[in-house]
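Beneath this line is the structure, given in structure tokens, with notes to follow.
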Ligand SMILES: C[S@@+](CC[C@H](N)C(=O)[O-])C[C@H]1O[C@@H](n2cnc3c(N)ncnc32)[C@H](O)[C@@H]1O
């Protein structure tokens, strides 16, 4: 993609309209349906997402989730002064904020996302990061192309077959390379997605892996999220050839008074909101 691409499509308008009429349900959703829904939803909602959350994310910070845990403090990818010269792939990069931080540390990041509009926001912000529009389930790179692969809430929560994604990550990583990703903490699936007190009472089984689906009047999915338990995620990583190094559950910091959807200081002080898996290619 190039800058002209962003300018040409600045007045982008998706013909499929809004998601206001979508019905929320729990039902199965396979790989193709999930991928199609994600691309459409992120294309339609990228502008709103970036205008609502862009300030919190910062143009060139690496924020792992709504708690505000910053890679500059957490060093989950390894010491920041060891990132220089590394080839890094960011999956589900959105507007490539994290990739921009990586570039500032001297790394060579590539930002990959399924959504054309999200990548247009990456172009709008700038920084010269190489952008790739592709599905995380089929990474368009040669074997052993990267020293490090990372993702902050990108792709993994939205795919029906995470092991396929993890195997792809394993393939493109060099031996010993890290794969670090954050997702909604699985425990949150047992609670209503509400920031207030109504979000504190268990309303569903933690063990129910049925996807959350928003569908249109024809029953076509327009948004899909997939749930796995913590144990599922560990088994998926091991099945794809990774070794789990750490599982980080960021605590809600006192400085963060901001709500992000169902993530809030109230809930964040009581239950975890984000899980970050730090793994290494065996
Ligand atoms: C919550 S955003 C996270 C983006 C960025 N890391 C941030 O914190 O803003 C999720 C991103 O994952 C992307 N995504 C969803 N499914 C994907 C897939 N199958 N392959 C690649 N990217 C995907 C979406 O387009 C979206 O940009």
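The values are calculated or read from the model by the stated rules, or taken from the named source; none is laboratory data. Note that this is a predicted model, so its numbers are computed, not measured. Here Cβ is always computed from backbone atoms with ideal geometry, including for glycine, and neighbour counts include all displayed protein chains.
Points to keep in mind about this one:
- Condition check for residue 157 on (1) within 16 Å of the ligand (Cβ to nearest atom); (2) farther than 17 Å from residue 113 by Cβ; (3) in a helix (DSSP H, G or I): one failure, at (2).
- Residues of region 235-282 satisfying the condition of being more than 14 Å from residue 180 (Cα to Cα) and part of a strand (DSSP E or B): 260, 263
- Any hit, region 173-180, residues being within 16 Å of the ligand (Cβ to nearest atom), over 24 Å from residue 98 (Cβ atoms) and not in a loop (DSSP other than H, G, I, E, B): no
- Test: residue in region 110-119 that is surrounded by fewer than 18 Cβ atoms within 10 Å (Cβ to Cβ) and either assigned to a loop (DSSP other than H, G, I, E, B) or within 11 Å of the ligand (Cβ to nearest atom) (or both): yes
- Within region 175-189, one or more residues are farther than 22 Å from residue 38 by Cβ, over 16 Å from the mean Cα position of the chain (by Cα) and loosely packed, with under 15 Cβ neighbours inside 10 Å.
- Within region 131-154, being more than 12 Å from residue 31 (Cα to Cα), in contact with a strand residue (DSSP E or B) (Cβ under 6 Å, 6 or more places away or on another chain), outside any strand (DSSP E or B) and touching a residue at least 40 places away in the same chain (Cβ under 8 Å) holds for 153, 154.
- Selection count, region 198-219, where residues are in a loop (DSSP other than H, G, I, E, B) and either modelled with pLDDT under 95 or in contact with a helix residue (DSSP H, G or I) (Cβ under 8 Å, 6 or more places away or on another chain) (or both): 8
- Subset of region 62-81 [in contact (Cβ under 8 Å) with a residue 40 or more places away in the chain and either surrounded by 19 or more Cβ atoms within 10 Å (Cβ to Cβ) or closer than 30 Å to residue 19 by Cα (or both)]: 62, 63, 64, 65, 66, 67, 68, 69, 76, 77
- Test: residue in region 78-96 that is within 20 Å of residue 188 (Cβ to Cβ), more than 8 Å from the ligand (Cβ to nearest atom) and assigned to a loop (DSSP other than H, G, I, E, B): no
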